[in-house]
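Have a look at the structure below, then the notes.
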Amino acid sequence: MRKLLLGTTAVVGAALLSTGASAQEAPTVRIGGYMDFSYTFLSDTADRGTQTFSPTARRPRTSDFRSDMEVHVLVSGKTAGGITYGARIEFQNDNIPGSGQTAVDTDETWLFVSSPTLGTVRFGDTDAAAFVMQVRPPRYPAFYRPSWYVARPGGFNYVNSGLTDGSDITKITYMSPQFAGFDFGVSYAVNGNEGPRNNNGTTTGLIDRDRQGRQNEITAAIRYRGNFSGVGVAAGFAMTHAESGANQRAAASLVNAGARNTITSYGAGLTASFQGFTFGGEYVFGNYRGASVGTAPTARGADMSWHYLLGASYTFSPVTITANFGQGFQDGRRPTAAATVRDMRHTHVGVGASYTIAPGLLGYISYEYQRFRGWPGSSVGSVAAGGNRTMQALTVGTTLSF
Amino acid sequence: MTSQPQIPSAPSPAGARLLAAFTALALLAGCGAGQLRTPGDDEYNVSNRRDEALRLSGSASDGILIFGTDRTRRGGADAGGGPGLGVNAFLWRATLDTLSFMPLVSADPFGGVIITDWYSPPQASGERFKATAYVLGRQLRSDGVRVQVFRQVQQGGQWLDVPTASSTNTEMEDRVLTRARELRVMSAGR
């Protein structure tokens, strides 16, 4: 099967190079990025008890400033055959532990070739086809949901997560041209993790081919976009299929000892846009668990996880208002038998508004409510595993993108 | 004794079927190359704040050029011109579509000016109209287009200028904006 995939990629690659003559363009190199600054006030029932922060146990603050940035190197050129090619290398401040939270590492890094008639192929550490082509309702941009970062509860289901949640494991992605409103994409990753990882791996140390993460991840999506009497309609279906890390299932003491061999997720979405309004919804289900859809396995015998998310947005001149409501479910059984807790039900409500001060410069404010019945993580503060947890976050911030 | 889990080395049958289906779709798509278009980067979901913020603010920044010559003038979401355009591509195309029932005298895609020739509706041969449209910038905004309609009536074998209702200009602008919105929705659908 792998040979078939590689062969198909080779055919596509050969076809890409056989298009008609076009003016060649030397590569250009550009710098882009963003700088974000925000203030968040957080109310979290877990804060009623102390949390353990080395070296002492204490309550966290209810508010904080947060800054974030990325710098992107964007390379693009065109061959004499009309093929666009290039690369994208993203540097980010990723809160690397032990670095004083100011170290910089890489985020997505990928090459691409694109033909006007045969589609686009990406190679490298980037999002899966199911993620980039999943039809989703209007929803918060990342900077609207600081509770994810500020509360940092870890391990909970988050209904705003798309399929694979932007996972950048090294892969090949093909995205087709659009034909009669339809286009589709497919991506394949051999092994989990990203980047060059371990050079000169040894039998006793880390190696690239370690089977620690998910393997043979195939994702696919198909979508339709069209217009009916001024109403823009988009509909799509996306799915992921992967094998859970075999080395994490190899012994009873490991984290995924009781996990299914496969991780699956399926999502259908529909949106309609008219005169500045956009409404939409999605339903996602599959054998996955944890914070992100389609990246971690469920326990054997566990019910499927699911979530639905509804969204609406309205744009009038420089202002965009977005609102979301969603609920999700995950079975309480865990791959490690001792960790079994109550089934988890997650409710998410949020509303946010942005104001465009100038091209690329935004001010924004958002409110987010999250409730978990059957807290799926380990005990946090006053919330025991399996208990209930409620978080509310109010955020004000600004972002400059260039 | 703990049984060893099966360690797969290739996609499962379900994965293989999926891959085959999409390969077939790829071949089908290749058969109709004349009607194909490759979606732009702004038509895919993203997981980085830069692109999210740029889309939300209606900006289509390609970044700051530090090496090479800028030849792209890429048309982005709501802003920027299309290839060879100095003004917003959606407004430009929508203006052309809206005025297409009249003969064109000139169309300047860099200055954003479209001038039609005189046109007599079949049902009113005694009057004729001429329109001048200005696409005012690279942003897709409701005030990004101006249309001026001129009207003449025939009296005694001569064409005489007569005023045009101001609502006529506004209605034409609304039609252009509606068409631009349709084009924008068709190209995005996110």
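The values are calculated or read from the model by the stated rules, or taken from the named source; none is laboratory data. On a predicted model such as this, the values are computed, not experimentally measured, just so you know. Every residue, glycine as well, gets a Cβ built from its backbone with ideal geometry; the counts of neighbours run over all protein chains shown.
List every residue pair whose Cβ atoms lie under 6 Å apart, where the two residues are 6 or more positions apart in sequence or sit on different chains, the first residue falls within the range B:45-66 and is at positive phi, and the second residue, located anywhere, is at pLDDT below 85. Hits for this filter: B:Gly58/B:Asp78; B:Gly58/B:Ala79.
For the range A:104-134, residues that are within 16 Å of the chain's Cα centre (by Cα) and outside any strand (DSSP E or B) total 9.
Could you list all residues from the range B:49-62 that are under 22 Å from A:Phe131 (Cα atoms) and in contact with a Gly (Cβ under 8 Å, 6 or more places away or on another chain)? Let's see the steps before the verdict.
Within the range B:49-62, the subset under 22 Å from A:Phe131 (Cα atoms) is B:49-56, B:60.
Correct list: B:Arg50, B:Ala53, B:Leu54, B:Ala60.
Out of the range A:291-336, which residues are in contact with a strand residue (DSSP E or B) (Cβ under 8 Å, 6 or more places away or on another chain), in contact (Cβ under 8 Å) with a residue 60 or more places away in the chain, closer than 15 Å to A:Thr264 by Cα and of a type in the set (Ser, Thr, Tyr)? Once the filter is applied, which keeps residues that are in contact with a strand residue (DSSP E or B) (Cβ under 8 Å, 6 or more places away or on another chain), in contact (Cβ under 8 Å) with a residue 60 or more places away in the chain, closer than 15 Å to A:Thr264 by Cα and of a type in the set (Ser, Thr, Tyr), the range A:291-336 yields A:Thr295, A:Ser305.
State all residues of the range A:216-248 that are free of Cβ contacts under 8 Å to residues at least 24 places away in the same chain and part of a loop (DSSP other than H, G, I, E, B); if no residue qualifies, say none.
Restricting attention to the range A:216-248, the residues satisfying the condition of being free of Cβ contacts under 8 Å to residues at least 24 places away in the same chain are A:227-229.
A:Ser229 - this is the single residue of the range A:216-248 that is free of Cβ contacts under 8 Å to residues at least 24 places away in the same chain and part of a loop (DSSP other than H, G, I, E, B).
When A:Gly381, A:Gly360 are checked against the criterion of being on the phi > 0 side of the Ramachandran plot and either within 14 Å of chain B (Cβ to nearest Cβ) or of a type in the set (D, E, K, R) (or both), a single residue qualifies: A:Gly360. List pairs: first residue in the range A:170-192 and within 11 Å of A:Thr120 (Cβ to Cβ), second residue of a type in the set (Asp, Glu) anywhere in the structure, Cβ distance under 8 angstrom, at least six positions apart or on different chains. Partner pairs satisfying both residue conditions: A:Thr173/A:Asp127; A:Met175/A:Asp183; A:Ser176/A:Asp183; A:Pro177/A:Asp183. Note on the range A:235-263: among residues that are at pLDDT below 75 and not hydrophobic (A, V, I, L, M, F, W, C), the one that is surrounded by the most Cβ atoms within 10 Å (Cβ to Cβ) is A:Arg249. In the condition set (1) more than 20 Å from A:Leu163 (Cα to Cα); (2) at pLDDT 90 or above, A:Gly328 is compliant with all but (1). The residues in the range A:26-61 that are more than 14 Å from chain B (Cβ to nearest Cβ) and either surrounded by 13 or more Cβ atoms within 10 Å (Cβ to Cβ) or assigned to a strand (DSSP E or B) (or both) can be counted, and the count is 19.
When you look at A:Ala358, is it more than 21 Å from the chain's Cα centre (by Cα) and farther than 30 Å from A:His72 by Cα, yes or no? Outline the logic, then answer.
Working: more than 21 Å from the chain's Cα centre (by Cα): yes; farther than 30 Å from A:His72 by Cα: no.
For A:Ala358, the condition - more than 21 Å from the chain's Cα centre (by Cα) and farther than 30 Å from A:His72 by Cα - is not met.
Count of the range A:116-134 residues, restricted to those that are surrounded by fewer than 23 Cβ atoms within 10 Å (Cβ to Cβ) and either over 16 Å from A:Ala189 (Cβ atoms) or aromatic (Phe, Trp, Tyr) (or both), is 4. If the condition is being at pLDDT 85 or above and over 17 Å from B:Arg179 (Cβ atoms), then the range B:127-155 contributes B:Glu127, B:Arg128, B:Phe129, B:Lys130, B:Thr132, B:Gln148, B:Phe150, B:Arg151, B:Gln152, B:Val153, B:Gln154, B:Gln155.
I'd like the residue in the range A:81-94 that is within 14 Å of chain B (Cβ to nearest Cβ) and assigned to a loop (DSSP other than H, G, I, E, B) and, out of all such residues, is modelled with the lowest pLDDT. Here the residue is A:Asp94. The numbered conditions (1) at pLDDT below 90; (2) within 10 Å of chain B (Cβ to nearest Cβ); (3) surrounded by fewer than 21 Cβ atoms within 10 Å (Cβ to Cβ) are all true for A:Phe112 except (1). Within the range A:123-133, being more than 7 Å from chain B (Cβ to nearest Cβ) and closer than 18 Å to A:Ala238 by Cα holds for A:Thr126, A:Ala128, A:Ala129, A:Ala130.
Of the conditions (1) buried (at least 20 other Cβ atoms within 10 Å of the Cβ); (2) more than 8 Å from chain B (Cβ to nearest Cβ); (3) small (Gly, Ala, Ser); (4) out of contact with any Lys or Arg (no Cβ under 6 Å at 6 or more places or on another chain), A:Gly232 clears all except one; give me its number. All conditions pass for A:Gly232, except number (2).
Against the list (1) more than 14 Å from A:Val159 (Cα to Cα); (2) surrounded by fewer than 20 Cβ atoms within 10 Å (Cβ to Cβ); (3) hydroxyl-bearing (Ser, Thr, Tyr), the condition A:Thr347 fails is (1).
Where strands (runs of 3 or more DSSP E) fall entirely within the range B:37-120, those with at least 2 residues that are within 9 Å of chain A (Cβ to nearest Cβ) and either surrounded by fewer than 19 Cβ atoms within 10 Å (Cβ to Cβ) or modelled with pLDDT under 85 (or both) are at B:64-67.
What do you reckon, is A:Tyr355 hydroxyl-bearing (Ser, Thr, Tyr) and in contact with a Pro (Cβ under 7 Å, 6 or more places away or on another chain)? Criteria met by A:Tyr355.
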